[in-house]
Structure formats: structure tokens, C-alpha cells
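Quick note: the coordinates plus some simple rules give every number you see, no bench work behind them. Computed from a predicted model, the values in this text were never measured in an experiment. Here the Cβ positions follow ideal geometry from the backbone for every residue, glycine too, while neighbour counts run over all protein chains shown.
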């Protein structure tokens, strides 16, 4: 052990987290001001809500994948920098996501979400809606709900994540691609987390996650 180096890594990690949080608050502040400018652009009825879908193939049965379903707030690995920049960092959840009607409170470092499970059909489908969102990004985007769909695919499975949201930044043709890209990165983070859990709990001669996401 090197004297004076005992707490170096935690201090560096804390400094990085604080810098990211500061950059995120600045970004949200700028987005809030931009919302005022965006009101100069007409609101389109077609932009009332949007959906983003991402799929990933796994070398595991639908039953095995179902048991590893994770909400964004339950993924154990740290989100990539892009997600930490645009969204608060997830902390933990409380609630039973396997029961219809159950409420899941998802805590973040700044705010929370409350998700309500609306449909559960093991091992293929789980849907939820967002009842409350207090994340500080409400002037930019509102999350409406989402679902997890799992189906057999050859010798394995395909898991599909869907997020329904309403974007408030205008013009929509400019901001929709940015929102969809961030949502897709969030999906991939969840799917890779599920794949990592499968790899730890289900030894296999093959890679658990397929080489590339399904189209």
C-alpha cells in the first residue's frame, strides 16, 4: 500500500460523478431555456407521443431470459457517460414487478419514477406505465410507459424493449432523433445487463448475448 494513496480511487470517482452531475444540471438548464424558444415552432398532433424499440438475441431460453428481466434502475453496472449526462443516475427500486397492479418506485440520485405493472404474461410479456415522474427533465421529456417482450428465436430467444414517451422540445424533426438515440442506448444498457446476469448464472459453451442486436 502506498502512503497517501489509500482514498485516491474513491475521491477520483466522486469527482467524476460530481462533474457529470454538474454538466447534467447545466444541460437541463439550457434545455429549459430552449423550451421557450421552441414554442415559436408549431406543435404537431403527430408528435403527441413516440415509441422506441430495441431487440437483442440471447443464447438462452425465454424462461431463462424472463427470470433476468431488469428495469433500468436495477442494472448493476454503471450507465455509460451519455446516459449519465442526459439522465439522473439510478439508485434502487422498491416493489414487485411480477404482479399486475404493483407499483415500483424507482429512485435516482436526483428524483424518482413510479411505474405501475399493467400486464404480466410469463415468460413472454411484461408491460408497465409511468404514473409519476420527478426527474427534473419534465420540460424536455415525459416517460409514458414501456414493455418487455420475449420470444423464442432458433435455439435461443429474442428480447425486445419498448419505451413510450412524449417529447416536448421543438422542432420535433430536430429533437426526435436525439431522443431516440438516447432511448436506444438506455435499452442496450439494460439488455447488456441482462446478458451479463445470464452469463453469471447460466454457464454455456456459447456466448449468452448474440454478436449484434436484432434489427
If the label point is 7 Å along Cα→Cβ of residue 129, which residues in the stretch 146-169 have backbone nitrogen under 18 Å from it? 146-148, 162-167
Quick check on the exposure proxy: order 106, 89, 140 from fewest to most C-beta atoms within 10 angstrom. 89, 140, 106
Simple label model, 7 Å out from Cα along Cβ direction - residue 152 to residue 76, nm: 3.0 nm
Taking a ≥ b ≥ c as the square roots of the eigenvalues of the Cα gyration tensor, with a/c under 1.5 meaning rounded and otherwise prolate when a/b exceeds b/c and oblate if not, the stretch 66-215 is prolate
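Please give the contour-minus-distance gain from residue 92 to residue 188: 0.36 nm per residue of separation, less the Cα-Cα distance, rounded to one decimal in nm. Don't jump to the answer; show the numbers that get you there.
Working: separation 96, 0.36 × 96 = 34.56 nm, distance 1.90 nm.
Full extension from residue 92 to residue 188 adds 32.7 nm.
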When 148, 181, 165 are arranged by how many other beta-carbons sit within 10 Å of their Cβ, fewest first, they go 181, 165, 148
Rounded, prolate or oblate, given the Cα gyration tensor of the stretch 75-125, with a/c below 1.5 counting as rounded? prolate
Can you sort 57, 200, 184, 166 so the residue with the fewest Cβ neighbours within 10 Å comes first? 200, 166, 184, 57
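Is the shape of the stretch 124-163 rounded, prolate or oblate, going by the alpha carbon gyration tensor and its root eigenvalues a ≥ b ≥ c, with a/c under 1.5 for rounded and a/b larger than b/c for prolate?
Working: a/c = 5.46, a/b = 3.06, b/c = 1.78.
It is prolate, given that a/c is not under 1.5 and a/b is the larger ratio.
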